[in-house]
Amino acid sequence: MASADGGAYSYSLTVFSPSGKLVQIEHALAAVSQGTTSLGIKASNGIVIATEKKSSSILIDDSMIEKVAVVCPNIGIVYSGMGPDFRILIARARKSAQAYWKVYGEYPPTKVLTQAIATVMQQATQSGGVRPFGVSLLVAGWDIHRGPSLYQVDPSGSFWAWKASAIGKNMVNAKTFLEKRYNDDISLEDAIHTALLTLKEGFEGQMTEKTIEIGVVTVPTTEELEAGKEGGETGRPRPTFRKLTEEEVKDYLAL
């Protein structure tokens, strides 16, 4: 008889253990907890997502490492866990965003895209011959319906909206730090500084513009919304999500 904490059930994804757990999902969360620390903070006028960007060797070209990814002009994602799994999810997210654009003529609201990603991750927990995705995601975006939104998606396919959250190996200490620092009136600039301070708490080695990656969501002004589209030929909306350049990150670290 298998023990209640997993036992033989730890090898099966589609069979519950006697304690009511899908043990492979817990193993996937363990893979996430071994990944680099990532965090997101929702400000009064935007959102910041940030992560450590470390390479395993000085011989690796770190300019090719991407942990903060743009899905579409209004949404970006950062991850902790297994990079190859994230590559699959970001490709599906981009396809989903483009399909939404093709049908509705606009990019998806943040919650709609998050739900699409979460559905893909959930399906991997209910099928034989596959394993859960070994990543957790922080999805940041802006849309006309809900404004700036920050969601966390876990390997089980569960997702929640957060004011501030952290994932990865130092997530417990990072969340504790954020709980002490966060307030509802925090500005985007202060949120960026808070994100850097939070990462610095558990950072190993020297924090530089090459070992940190930051993405920001900005809230468009009324004038920008009225201007509507940029580039009349493409009809694409003005981007509200972008990644900070190394020069910008360096300036923030110098403050």
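The values are calculated or read from the model by the stated rules, or taken from the named source; none is laboratory data. Not measured: the values here are computed from a predicted model. No Cβ is skipped: glycine too gets one built from the backbone with ideal geometry, and neighbour counts run over all protein chains shown. We work out accessible area using only protein heavy atoms, side chains counted, and drop any ligands, DNA or RNA first. Shrake-Rupley method; radii C 1.70, N 1.55, O 1.52, S 1.80 Å.
Here are the numbers:
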item	result
Filter result for the condition that a residue is crowded, with 17+ Cβ neighbours inside 10 Å, under 22 Å from Thr221 (Cα atoms) and small (Gly, Ala, Ser), over Gly76, Gly35	Gly76
Identity of the residue in region 42-64, outside any strand (DSSP E or B) and touching a residue at least 60 places away in the same chain (Cβ under 8 Å), that ends up surrounded by the fewest Cβ atoms within 10 Å (Cβ to Cβ)	Asp62
Single condition Glu201 does not satisfy, out of (1) open to solvent by 10 Å² or more (accessible area, probe 1.4 Å); (2) within 19 Å of Lys243 (Cα to Cα)	(2)
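Listed here are the residues, each with its yes/no results for (1) open to solvent by 10 Å² or more (accessible area, probe 1.4 Å); (2) of a type outside the set (Gly, Ala, Ser); (3) within 23 Å of Ser44 (Cβ to Cβ).
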| position | (1), (2), (3) |
| --- | --- |
| Phe133 | yes, yes, no |
| Val139 | no, yes, yes |
| Gly147 | yes, no, yes |
| Trp162 | yes, yes, yes |
| Val172 | yes, yes, no |
| Glu179 | yes, yes, yes |
| Asp185 | yes, yes, yes |
| Lys210 | yes, yes, no |
